[in-house]
Amino acid sequence: MTITITAFEHSPDRGQGLARDTRVRWALEEVGQPYEVRLVSFRALKEPAHLALHPFGQIPTYEDGDLSLFETGAIVFHLAERHAGLLPDEAKARARAITWMFAALNTVEPPILELTTARILESDKPWTRERLPMIEERVHDRLKQLSARLGGADWLDGAFSAGDLMMVSVLLRLRSSGLLDAYPNLAAYVARGEARPAYQRAFAAQLAVYTASQPPAD
Ligand SMILES: N[C@@H](CCC(=O)N[C@@H](CS)C(=O)NCC(=O)O)C(=O)O
């Protein structure tokens, strides 16, 4: 059975790897599962065929035979449960790694998304100038706490896990803001994640989609 995921036909991030198919590609690469990608236009995202796979009209989705999933947390968890490499075998360590996945998605990502929304989608709104310092402070609160917990460790809880995959993916969204620079251990943590061969393959694959969509240079 071939695994098929969906990704943007034209990613607004221009191949920076911030669209969420990258984290699913990364997980697939970590566990050594081949996959195919179906590219979806913004219009097709909201059409019935895609809405049948993803009720919110987003990417990525995941299909494997008669199973179809959406939500990157669910997809990465599904892969991590079924294949070695992303979750420890020992029950308590496994539960802690899963906790970090949830922490990345539920506790760290929301203020980062709020910052992205304010900076990009609402940059022309009259309230944004006033709101930005408050939103940045919320991001800093989370980064300070995460930095304190990570300390000098390579990964959040022992060996690299799906928790780290998700946390690094979430933190990568901060790169252009420069906010990570104040936390050298977090910047190094993100760099360790990016240096993993599986991440490199995932990044290259999503970049290839963007590159192929560009008109040839004269
Ligand atoms: N919580 C979802 C978020 C999915 C999401 O926001 N996908 C974005 C791309 S990274 C998307 O499809 N945006 C287009 C839209 O919402 O119309 C997940 O983790 O899968």
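Of the residues making up the range 17-61, those that are touching a residue at least 12 places away in the same chain (Cβ under 8 Å), in a loop (DSSP other than H, G, I, E, B) and within 13 Å of the ligand (Cβ to nearest atom) number 13.
Table: residues versus (1) touching a strand residue (DSSP E or B) at 6+ places or on another chain (Cβ under 6 Å); (2) closer than 20 Å to Met101 by Cβ; (3) among the aromatic types (Phe, Trp, Tyr).
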residue: Arg149; (1), (2), (3): no, yes, no
residue: Ala187; (1), (2), (3): no, no, no
residue: Tyr210; (1), (2), (3): no, no, yes
residue: Ser213; (1), (2), (3): no, no, no
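When every residue of the range 64-72 is checked against the conditions, at least one turns out to be of a type in the set (Val, Ile, Thr) and in contact with a helix residue (DSSP H, G or I) (Cβ under 9 Å, 6 or more places away or on another chain). Looking across the range 62-79, the residues that are within 15 Å of the chain's Cα centre (by Cα) and away from the ligand (no atom under 11 Å from the Cβ) come down to Phe77, Leu79. Filtering the range 4-17 for residues that are over 26 Å from Val139 (Cβ atoms), modelled with pLDDT under 95 and outside the structural domain of Ala159 (by TED's automatic domain parsing) leaves a non-empty set. Within the range 62-101, the set of residues being in a loop (DSSP other than H, G, I, E, B) and surrounded by fewer than 12 Cβ atoms within 10 Å (Cβ to Cβ) comprises Gly65, Asp66, Ala84, Asp89, Glu90.
Quick grid of which residues meet (1) at pLDDT 95 or above; (2) charged (D, E, K, R):
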{"position": "Glu114", "(1), (2)": "yes, yes"}
{"position": "Arg119", "(1), (2)": "no, yes"}
{"position": "Glu137", "(1), (2)": "yes, yes"}
{"position": "Trp155", "(1), (2)": "yes, no"}
{"position": "Asp164", "(1), (2)": "yes, yes"}
{"position": "Met167", "(1), (2)": "yes, no"}
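Check whether at least one residue in the range 91-100 is closer than 23 Å to Leu207 by Cβ, touching a residue at least 12 places away in the same chain (Cβ under 8 Å) and either within 12 Å of the ligand (Cβ to nearest atom) or touching a Phe, Trp or Tyr at 6+ places or on another chain (Cβ under 9 Å) (or both), and report yes or no. No, the conditions are met nowhere in the range 91-100.
Checked against the criterion of being acidic (Asp, Glu) and touching a Phe, Trp or Tyr at 6+ places or on another chain (Cβ under 8 Å), the candidates Glu81, Glu29, Glu71 yield just one match: Glu29. Of the helices (runs of 4 or more DSSP H) entirely within the range 114-218, those holding at least 3 residues that are in the same structural domain as Gln33 (by TED's automatic domain parsing) and in contact (Cβ under 8 Å) with a residue 12 or more places away in the chain occupy 197-212. Among the residues of this structure, Val108 does not count as one that is assigned by TED's automatic domain parsing to the domain that holds Arg38, modelled with pLDDT of 95 or more and closer than 25 Å to Ala191 by Cβ.
Restricting attention to the range 1-16 and to residues that are closer than 18 Å to Gly57 by Cα and part of a strand (DSSP E or B), the residue that is farthest from the ligand (Cβ to nearest atom) turns out to be Thr4.
The values are calculated or read from the model by the stated rules, or taken from the named source; none is laboratory data. Just so it is clear, the model here is predicted, and its values are computed rather than measured. Using ideal geometry, Cβ is built from the backbone for each residue, glycine included, and neighbour counts are taken over all protein chains shown.
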